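*Asks:* One structure follows; several queries about it will come next.
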Amino acid sequence: EDQVKTEIDVNELIGSVLKMIRPDLRRNRIDLHLSLDAETKPVLANAVQLQQLILNLVMNAIDAMRSVPSRVLSIASGISDDQSSVRVSVEDTGNGIDRSNLEEIFKPFFTTKERGMGMGLAICSTIIQKHEGRIWARSNAGGGSILWFEIPIKSG
């Protein structure tokens with residue numbers, strides 16, 4: 001069932017996604033920098049949806065780096081500033097996101113890719129809404145972009 005939520009260790013889920021995409025990282029000569037906080041608490045989430053969310057963000061990062069010489073994918077997890085959520089960031093050294101597109105990228109059918117359908121980040125946004133979290137993005141000054149999401153920590 002689509003809505004079943006269980007207690008999830010986000011770090012373990014990131015690990016399972018990375019197992020799937022290791023061949024892509026090797027093929028595209030991408031360095032992986034992981035910074036997973038062992039203190040993160042479990043979240044109440046749908047494992048399949050959360051895995052899809054992380055996979056979408058990572059695959060977008062890989063795509064964004066296809067045309068740049070220096071390729072670094074950085075994935076980090078930790079606790080949000082107010083201690084209520086687990087925060088995950090996916091950062092790449094690609095071409096970045098045009099500032100004028102930052103508000104648009106989570107809308108359905110918006111794409112900057114030649115063959116993109118514009119559904120990846122819209123799906124991510126929907127998944128985050130179902131989990132009462134939030135997702136946002138920023139372009140880095142030196143090139144590349146970073147996307148974060150937060151999901152509330154399971155209470156009790």
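The values are calculated or read from the model by the stated rules, or taken from the named source; none is laboratory data. Computed from a prediction, not measured in an experiment: that's the story for all the values here. All Cβ positions, even for glycine, are placed from backbone atoms using ideal geometry, and neighbour counts span all protein chains on display. Just so you know, the surface numbers come from the protein's heavy atoms only, side chains and all, with ligands and any DNA or RNA stripped out. Shrake-Rupley method; radii C 1.70, N 1.55, O 1.52, S 1.80 Å.
*Asks:* Cβ contacts < 6 Å: first residue farther than 14 Å from Ala64 by Cβ, restricted to region 131-156; second residue open to solvent by less than 20 Å² (accessible area, probe 1.4 Å) and acidic (Asp, Glu), any location; separation 6+ or different chain. Result?
*Replies:* Qualifying pairs under 6 Å: Gly133/Glu150; Arg134/Glu150.
*Asks:* Which of the residues that make up region 121-132 are open to solvent by less than 30 Å² (accessible area, probe 1.4 Å) and not in a helix (DSSP H, G or I)?
*Replies:* His131
*Asks:* Taking only pairs six or more apart or across chains, which ones have beta-carbon atoms under 6 Å, a first residue in region 1-24 that is at pLDDT 95 or above, and a second residue that is open to solvent by 60 Å² or more (accessible area, probe 1.4 Å) and part of a strand (DSSP E or B)?
*Replies:* Asn11/Leu36
*Asks:* Which condition number does Leu57 fail, the rest of (1) modelled with pLDDT of 95 or more; (2) closer than 11 Å to Ile75 by Cβ being met?
*Replies:* Single failed check for Leu57: (1).
Matching residues to (1) open to solvent by 80 Å² or more (accessible area, probe 1.4 Å); (2) in contact with a Lys or Arg (Cβ under 8 Å, 6 or more places away or on another chain):
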{"site": "Ile8", "(1), (2)": "no, no"}
{"site": "Gly15", "(1), (2)": "no, no"}
{"site": "Ile21", "(1), (2)": "no, no"}
{"site": "Arg27", "(1), (2)": "yes, no"}
{"site": "Asp31", "(1), (2)": "yes, yes"}
{"site": "Leu36", "(1), (2)": "no, no"}
{"site": "Ala45", "(1), (2)": "no, yes"}
{"site": "Gln49", "(1), (2)": "no, yes"}
{"site": "Leu53", "(1), (2)": "no, no"}
